[in-house]
Amino acid sequence: MDGKDIQVQDKKELESSGEMTREGAFFVPNVDIFEDENQLVLLADMPGVDKDGVDIHLEEGQLRIQGKVSGEVPGEYVISEYSVGDYTRTFTLSNVIDQEKIQASMKNGVLRVVLPKSDISKPRKIAVKSE
Amino acid sequence: MPGTRFSNYPDWGVWGPFRGLERLRRAMGSVAAGSPGYSTAGVFPLTNVSEDQDNYYVRAELPGMTADQIDITATVDKVSISGERAISEEGEGVVYHRRERDSGTFSRMIGLPGSVDPDKVEASFGNGMLTIKLPKSEASKPKQITVN
């Protein structure tokens, strides 16, 4: 690592187009999305959320990840630099993804969703036969 | 915030009811005027400090880190948190579509509203949330005063 200082970002609050059924602020988690030959991987920062608080919902090509924050805040606030709230973010998936095989895991407040590409989209070698 | 979107435009280009608001915002000398989402006064990690009768609590969000990557030291009236957040390499031939998660070193000292007993400080880390419990010293605890 080059030892650079990490920059602080304010938590991004959701300015939502639809209404949420639960009350309270919702935040947009930071994500990394990358792909290799076989799959797409999505990593989302959702601190304070444990495995049971994650809800992943796939409908009509829309992938929605939600995280419920668990744990009470002890005591009365003295200084508050960030707000606490649940996380939500929605992505549109192309049909490149094999939706049956999506897997997710949660570790240290980071959600990892692995989206395997469907076989039709994987590059396939075509053998050339000589006549 | 509605005015933020126009922050890169010259003054005459800001239309609508937010024109005055945007001018005021820039006049306040916001350092991060061109980069929405980056806190002007904040240092990583953002922390919340709360208290009850007996303790102060300092909480910080550090997703993706493990307990052994974080260094915490406490004195009578300050606690400092430092460490390095590493984003793991994902291997060869990987194409990134979005990269919003930051990595790097951080070091931050937080002044506490009252004095604590540094020997009794406890820290716990779970699900990317760090919670430091700092028991107040006797001098900081609120005292009931009886009225004769």
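Please treat every number below as a calculation from the coordinates, not as lab data. What you see is a predicted model, and the numbers here were worked out from it, not measured in a lab. Backbone-built Cβ (ideal geometry, glycine too); neighbour counts: all protein chains shown.
Grab the beta carbon distance between B:Met109 and B:Asp68, set R0 = 22 Å, and tell me the FRET efficiency rounded to 0.05.
After rounding, the FRET efficiency stands at 0.60.
Scan around B:Ile110 for amide H atoms under 5 Å from its own, H built in the peptide plane at 1.01 Å from N, and keep only partners 5 or more places away or cross-chain.
When sequence neighbours closer than 5 places are left aside, the close amide H contacts are B:Val79, B:Ser80, B:Ile81.
Tell me, what is the percent relative contact order of chain A, built from C-alpha pairs under 8 Å that lie six or more residues apart?
So the answer I get is 26 percent.
Looking only at A:Pro29, A:Pro47, A:Pro74, which one moves most when chain A is put into a Gaussian network model with springs between Cα atoms under 10 Å?
Between A:Pro29, A:Pro47, A:Pro74, it is A:Pro74 that shows the largest mean-square fluctuation.
Pull out a ≥ b ≥ c, the square roots of the eigenvalues of the alpha-carbon gyration tensor of chain A, then state rounded if a/c is under 1.5, prolate if not and a/b is larger than b/c, and oblate in the remaining case.
prolate
Within chain A, which is the longest segment containing none of the trypsin sites (Lys or Arg not before Pro) that sit in a DSSP loop and have at most 15 other Cβ atoms within 10 Å?
Segment A:23-123 is the longest.
From a point 7 Å beyond the Cα of A:Gln103 in the direction of its Cβ, which residues of segment A:35-67 have a backbone N at a distance under 16 Å?
A:36-43
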